[in-house]
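The values are calculated or read from the model by the stated rules, or taken from the named source; none is laboratory data. All of these numbers come straight from a predicted model, not from anything done at the bench. FYI the Cβ positions are ideal-geometry reconstructions off the backbone, even for glycines, and counts take in every protein chain you see. The protein model used for the area step is the full one, side chains on, heavy atoms only, and it has no ligands, DNA or RNA in it. Shrake-Rupley method; radii C 1.70, N 1.55, O 1.52, S 1.80 Å.
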Amino acid sequence: MGLPHAGVLIFGLLSVFQLSHSSSDKDDFTKVRAVNLGGWLVVEGWIKPSLFDGIPNGDMLDGVQVQLKSVALQKYVSAVGGGGGNVAVDQDAASTWETFKLWRVSDSEFQFRCLNGQFLTASNQDVISATTDSPGDSETFYIERNNSMLHIKLSNGSYLQVTNNNQLTSNYHSQPGWGDDMATFQMTIAANNLHGDYQLANGYGPVQAKAVLTEHRKSFVTGNDFFLLSQNSINAVRIPVGWWIAYDPDPPAPFIGGSLEYLDRAFYWAQVYGLKCIIDLHAAPGSQNGMEHSASRDGSVDWPSEVNIQKTLDVIKFLAQRYADDPSLLGIELLNEPSAGAVPLDTLVSYYKKGYKIVRSYSETAYVIFCQRIGNADPMELYQADLGPTNTVVDLHYYNLFDPYYEKLNATENIQFVYEKRLPQVRALNGANGPLVFVGEWVNEWNVANASQIQYRSFGKAQLEVFGEASFGWSYWTVRCNSVHWDYEWNVRNRYLIIGGSPLQRASYTMLVAGCLMYLLLLTLIQ
């Protein structure tokens, strides 16, 4: 080839780059097609159960609910009235008064929280009561364990025992045996539902937890995931973070620093691969819903307090100030999934309005996203709240799960539900005078047993069509998961979820063609 042919190649190369640039400009983020990076910077044990495998006494983490039965009396320990008074050992069956939430101090030291929030305490001479709101040394018990059998010891060396008149005392002074002894109890684990950041950090302790989380954050999501997402019609990521990120590198105990470094990396990868970032405050101080993904210690919802709300606003300020000028920032979600049963609407609205003003003080263009309350709450309540005048979004989470109603639906009925129930609500909210609509979490999973690949595809197609009508867009939960049908990359790779082509795909294709032309051009010039 001569130089005229090289000129043709150069012209073609420039044309291809122009095409790539133009296709990206036309898209201009009119609709978000995102994937959540769940289980990465905020731990959810069900997403990666192996994170918890190395914890000693791993079935006795913070928030585990236990019941204690006297071997000698064959009666359960009971905080009478749910706490606040005496403790008896007189119940044949266990219910709420006989169920205690563990607070873990070490792998052998625990505190026992009652239904009403008080702790078992040994401060009243030898008699154990349930009268203390804030636990200390007198509420801390050492556990000796033989499978489900326990001895419970105080720091002074004496053991708890039952008396013939059904009291629980702390005056057993010798080493008890494992037979039918007055100082031996059988432990039943009634619930073990919390495997979040609190349980992991407090379970391992700070040194080992840091090692485990550092490896997890480094490997669970990488730049390669951002590349793969950009090649599969995705143009944004929603990144859950915990409130302790604002205190990095040394957050309050037991939380482990280091997540801020990886959030910074996410923004870098997003810029490299042409994605946008939504920062989602997934876990707020005190927990806004009592679940593991809000880093609750024991299932309590303590966020709605003046102190915790101010701490949360400080976190929003930190995030807005740090990322407002980053070209990859699309929006900040002020709070994920506040509980309708525990977070009053007026409290939430007040917080949302203050959070909106904070974000606006650093950015006029970043979207401010308000998640609806989970539970019995109508998303229209947020459209009537006048949360802010510009670039506001309401986030809805749509799962055909987590409610007995969905357990009875077959494949066809699930798909019909998406079209007949979800679509009218999306359209109604689209037409409301207020924020844009965002389906911030959904998944290609249901309660249908032995569903075929074709049925999964149909379910995914229905959700893509319906949620694609949301005026802001949607975000799939989640990028990677031990349960494969929740795993976005698995769904796409195995063609259980088929998402159409996008400008990002076309841009990647044209870049590939451009690379080939550049290679041919170099060969021509060498010749």
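What number does segment 193-328 give for Rg over Rh if you use C-alpha atoms and the Kirkwood radius?
Details: Rg = 15.4 Å, Rh = 15.7 Å.
Expressed as Rg/Rh, it is 0.98.
Tally Lys and Arg at +1 and Asp and Glu at -1 over the other residues with C-beta under 14 Å from the C-beta of Leu345: what net charge comes out? Please report the intermediate quantities before stating the final value.
Working: positive: Lys353, Arg373; negative: Asp346, Asp378, Glu381, Asp386.
So the surrounding residues net to -2.
Contact order normalised by length for the chain, with contacts defined as Cα pairs under 8 Å and 6 or more residues apart; what percent is it?
Numbers: 1054 pairs, mean separation 87.5, N = 527.
It comes to 17 percent, rounded to a whole number.
Among the aspartates and glutamates, which fall within straight-line cross-link reach of Lys218, defined as a Cα-Cα distance under 20 Å, with same-chain neighbours fewer than 8 residues apart omitted?
Glu44, Asp53, Asp197, Asp248, Asp250, Glu261, Asp264, Asp280, Asp487, Glu489
Using a ≥ b ≥ c from the Cα gyration tensor of segment 409-498 (square roots of the eigenvalues), is it rounded, prolate or oblate, where a/c under 1.5 gives rounded and otherwise the larger of a/b and b/c decides, a/b for prolate? Display every interim value, and only then the final one.
Numbers: a/c = 2.56, a/b = 1.52, b/c = 1.68.
The shape class here is oblate.
Could you put Lys353, Lys101, Lys408 in order of accessible surface area, largest first, with the 1.4 Å probe and the full protein assembly present?
On the way: Lys353 80, Lys101 55, Lys408 145 Å².
Highest to lowest solvent-accessible surface, that is Lys408, Lys353, Lys101.
Looking only at the chain, where both bridge partners belong to it, what percent of the DSSP beta bridges are antiparallel (to the nearest 5)? Don't skip to the answer; put the middle values down first.
Numbers: 38 of 71 bridges.
Taking every DSSP beta bridge within the chain, about 55 percent pair in antiparallel fashion.
Positive end of the dipole of segment 373-450, charges at C-beta (+1 Lys, Arg; -1 Asp, Glu), about the Cα centre: which of Leu429, Leu396, Gly375 has its Cα farthest in that direction?
Checked the options; the winner is Leu429.
Taking the Cα centre of the chain as the origin, how large is its charge dipole in debye, to the nearest 20, when only Lys and Arg (+1) and Asp and Glu (-1) carry charge on their Cβ atoms?
Working: 36 positive and 52 negative charges, 294 e Å.
Value, rounded to 20: 1420 debye.
State in Å² the accessible area per residue of the chain; use a 1.4 Å probe, count heavy atoms of protein chains only, and round to the nearest integer. It would help to have the intermediate numbers written out before the result.
Values: 22400 Å² over 527 residues.
Result: 43 Å² of accessible area for each residue.
If we count every other residue with Cβ under 15 angstrom of Gly63's Cβ, Lys/Arg +1 and Asp/Glu -1, where does the sum land?
Details: positive: Lys101, Arg104, Arg113, Arg297; negative: Glu44, Asp59, Asp62, Asp197, Glu292, Asp298, Asp302.
Around Gly63, the charge tally is -3.
Helix 306-323 against the longest principal axis of the chain: what's the angle in degrees, Cα atoms only, rounded to the nearest 10?
Roughly 30 degrees, rounded to the nearest 10.
Assigning unit charges at the beta carbon (Lys, Arg +1; Asp, Glu -1) and nothing else, what dipole magnitude in debye, to the nearest 20, does segment 190-289 show about its Cα centre? Mind dumping the intermediate values first?
Numbers: 6 positive and 8 negative charges, 34 e Å.
I would put it at about 160 debye.
Take Gln271 and Thr163, extend 7 Å from each Cα along the Cα→Cβ direction, and tell me the distance between the two endpoints in nm.
Those two pseudo-labels are separated by 7.0 nm.
Roughly what angle does helix 345-362 make with the longest principal axis of the chain, taking Cα atoms, 0 to 90 degrees, to the nearest 10?
Result, in degrees: 40.
Tell me, what is a quarter of the convex hull surface for the C-alpha atoms of segment 239-307, in nm² with one decimal? List each step's numbers first, then the result.
Details: hull surface 20.3 nm².
So the Cα hull casts an average projection of 5.1 nm².
Which value in deg cm²/dmol, rounded to the nearest 500, describes the helix-derived mean residue ellipticity at 222 nm for the chain, given -39,500 (n - 2.57) per DSSP H run of n ≥ 4 and division by the residue count? Mind showing how you got there, number by number?
Values: 14 runs with 175 residues, N = 527.
It comes out at -10500 deg cm²/dmol, rounded to the nearest 500.
Is the shape of segment 354-428 best called rounded, prolate or oblate, per the rule: a/c under 1.5 gives rounded, else a/b larger than b/c gives prolate, else oblate, with a ≥ b ≥ c the square roots of the Cα gyration tensor eigenvalues?
Working: a/c = 3.01, a/b = 2.65, b/c = 1.14.
Prolate is the answer for segment 354-428, as a/c is 1.5 or above and a/b outweighs b/c.
Among all the lysines, which ones have a C-alpha under 20 Å from Lys421's C-alpha, if same-chain residues fewer than 8 places away are not counted?
Counting by Cα, and skipping residues close in sequence, Lys421 has these lysines nearby: Lys408, Lys461.
So for the pair Leu409, Ser350, with labels modelled 7 Å out along Cα→Cβ, what separation do we get in nm?
Going from the Leu409 label point to the Ser350 one covers 3.7 nm.
Would you kindly derive the ³J(HN,Hα) couplings of segment 262-275 from the backbone phi angles with the Karplus curve 6.51 cos²θ - 1.76 cosθ + 1.60 (θ = phi - 60°), listing them in order in whole Hz, with x for Gly and Pro?
7, 5, 4, 4, 4, 5, 5, 4, 4, 5, 4, 9, x, 9
Between Asn192 and Ser452, what is the spin-label point distance in nm, taking each point 7 Å from the Cα along the Cα→C-beta axis?
Roughly 3.9 nm, to one decimal.
If you plug each phi of segment 463-476 into the Karplus form 6.51 cos²θ - 1.76 cosθ + 1.60 with θ = phi - 60°, what whole-Hz ³J(HN,Hα) values come out, in order, with x for Gly and Pro?
So the J values, rounded to whole Hz, are 5, 4, 5, 6, 6, x, 7, 4, 5, 9, x, 9, 9, 7.
Could you please tell me the mean projected area of the C-alpha convex hull for segment 40-162, averaged over all directions and given in square nanometres to one decimal? Write down the numbers at each step before the final one.
On the way: hull surface 34.2 nm².
Dividing the Cα hull surface by four gives the mean projection, 8.5 nm².
Given a 1.4 angstrom probe, I'd like the percentage of the accessible area of the chain that is carbon and sulfur, rounded to a whole number. Intermediate results must be reported in sequence, preceding the final value.
Values: 11400 of 22400 Å².
Looking at the chain in its full context, I get 51 percent from C and S.
Would you list which lysines come within 24 Å of Lys153, measuring only between C-alpha atoms, while excluding same-chain residues fewer than 8 positions from it?
In chain and number order, the partners are Lys69, Lys75, Lys101.
How would Thr169, Thr222, Thr365 line up by accessible area, probe 1.4 Å, largest first?
Values: Thr169 10, Thr222 45, Thr365 100 Å².
Most to least solvent-accessible, the answer reads Thr365, Thr222, Thr169.
For segment 368-377, just list the computed ³J(HN,Hα) in residue order, Karplus coefficients 6.51, -1.76 and 1.60, θ = phi - 60°, integers in Hz, with x standing in for Gly and Pro.
My calculation for segment 368-377 gives 10, 10, 10, 7, 5, 6, 8, x, 8, 9 Hz in order.
How compact is segment 356-515 by the rule of thumb for globular proteins, expressed as Cα Rg over 2.2 N^0.38 Å?
On the way: Rg = 17.7 Å, N = 160, 2.2 N^0.38 = 15.1 Å.
Segment 356-515 yields a ratio of 1.17.
Please give the direction-averaged projected area of the C-alpha convex hull for the chain, in square nanometres with one decimal. Kindly include the intermediate steps, with their values, before the conclusion.
Working: hull surface 117.8 nm².
For the chain, the mean projected area of the Cα convex hull comes to 29.5 nm².
Starting from the amide H of Arg480, placed 1.01 Å from N in the peptide plane, find each other amide H under 5 Å away whose residue is 5 or more places distant or on another chain.
For Arg480, the qualifying residues are Gly38, Tyr488.
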